[in-house]
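The values are calculated or read from the model by the stated rules, or taken from the named source; none is laboratory data. Here the structure is a predicted model, which means the values were calculated and not measured. Here the Cβ positions follow ideal geometry from the backbone for every residue, glycine too, while neighbour counts run over all protein chains shown.
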Amino acid sequence: MNSPPLLDVAGLETHFPVRRGLLRRQVGSVRAVDGVSFSIAKGRTLGLVGESGCGKTTVGRSVLRLVEPTAGTVRFAGTDVRATHGAALRALRRRMQIVFQDPYGSLNPRMTIRAILEEGLVIHRLGTADERLVRVRAALERTGLTASALERYPHEFSGGQRQRIAIARALVLEPDFLVLDEPVSALDVSIQAQVVNLLVELREQLDLTYLFISHDLSVVEYLADEVAVMYLGRIVERAPADALYRAALHPYTLSLFSAVPTIDPARRRRRIVLSGDVPSPARPPSGCRFHPRCPLAESVCREADPPAAGDAVHVVHCHVAARELDRAGDAGAAAARITDMLARSGSATLSGGVGT
């Protein structure tokens, strides 16, 4: 019998009000997250990918209630996060931490590294001063830095070292779950590899669970057990990483994968070029939100929201993919048919020699 997931998110919505006029009346809302559902088992990693502005970061912050969700449920280890307040919420947040994208902006330049790492322990009233110092040193050393860094300031470190410090700050409270909000996107490529390998080691050593938010599909493929693809506030496809990279079904997912460079001729594919811009989340289109840019859009795509298709493992929200799955009866065959349809639609070009 399968154990319940560590994190279970259902129907999550986070809308930001749009106000105008002298009295600042609300005239609309930005639907940054609009009905997102997923779960993560203990010790596993879910990769959340999509274009900039699709709502990935807002999902991560809403799960932790750094941004207050508008609707939906978030359950962590069986506890309703949205219904938790005061001391109970503070205790819960010890187990749920975040590593931010910007290693420069996320650390207070006026505080020493010791004060930065110790701050969470002080807030939660954990241990004596000597005990806190032991935990701070242990967290710092786990990330590959030495205790000599404790009395220095953030500006004395490189970007990669700062991100290691940010990871140590998250680890010092001994959490079970980390939201990793594009933790390597601001780093050089060689440093990215070191930090990603560090995250893999920490997950194995400490039995951590990750929500890994990124737009780098190569990093996600290496780190994630399961991948969810977001577009305009919604998840359009979700599957185990190997299944998704082998047989993506949604035209948007295929377009993302086609933009990833590769030197392996066996993995090269035609570049799928999308037309137009991402619609405004304040005025999302009717029906399938991807239909204004989709080369395969049909009349039903403009009129009706696509239901979930596929199975419990590989889920896709696309009318065309649902039809092809019914015809082919197999995700691999359906993915091949959809890829061929995209090539015949004229949206695929040979330029760039890029692939999955």
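In the range 93-110, the residues that are in contact (Cβ under 8 Å) with a residue 24 or more places away in the chain form Cβ pairs under 6 Å with partners that are among the acidic types (Asp, Glu), at six or more places apart or across chains, as follows: Arg95/Asp176; Phe100/Asp181; Gln101/Asp181; Gln101/Glu182.
Would you check if Ala170 is surrounded by 19 or more Cβ atoms within 10 Å (Cβ to Cβ), out of contact with any Pro (no Cβ under 9 Å at 6 or more places or on another chain) and within 16 Å of Gly105 (Cα to Cα)? Against the criterion (surrounded by 19 or more Cβ atoms within 10 Å (Cβ to Cβ), out of contact with any Pro (no Cβ under 9 Å at 6 or more places or on another chain) and within 16 Å of Gly105 (Cα to Cα)), Ala170 qualifies. Could you say whether any residue in the range 81-103 is among the aliphatic types (A, V, I, L, M), in contact with a Phe, Trp or Tyr (Cβ under 9 Å, 6 or more places away or on another chain) and farther than 26 Å from Phe16 by Cα? No.
The number of residues in the range 1-27 that are touching a residue at least 12 places away in the same chain (Cβ under 8 Å) and on the phi > 0 side of the Ramachandran plot comes to 1. From the list Ala297, Ala335, Ala322, the lone residue that is at pLDDT 90 or above, buried (at least 16 other Cβ atoms within 10 Å of the Cβ), aliphatic (A, V, I, L, M) and within 16 Å of Ala243 (Cα to Cα) is Ala335.
Condition first: over 30 Å from Gly35 (Cα atoms) and outside any helix (DSSP H, G or I). Now tell me which residues in the range 186-240 satisfy that. Of everything in the range 186-240, those that are over 30 Å from Gly35 (Cα atoms) and outside any helix (DSSP H, G or I) turn out to be Leu187, Asp188. Among the criteria (1) more than 27 Å from Arg61 (Cα to Cα); (2) assigned to a loop (DSSP other than H, G, I, E, B), the one Pro109 does not fulfil is (1).
Residues that are part of a strand (DSSP E or B) and surrounded by fewer than 18 Cβ atoms within 10 Å (Cβ to Cβ) occur at least once in the range 77-96. Against the condition in the same structural domain as Ala41 (by TED's automatic domain parsing), more than 26 Å from Leu121 (Cβ to Cβ), without any contact (Cβ under 8 Å) to a residue 40 or more places away in the chain and in contact with a helix residue (DSSP H, G or I) (Cβ under 9 Å, 6 or more places away or on another chain), how does Asp188 come out, does it pass? No: the conditions fail for Asp188.
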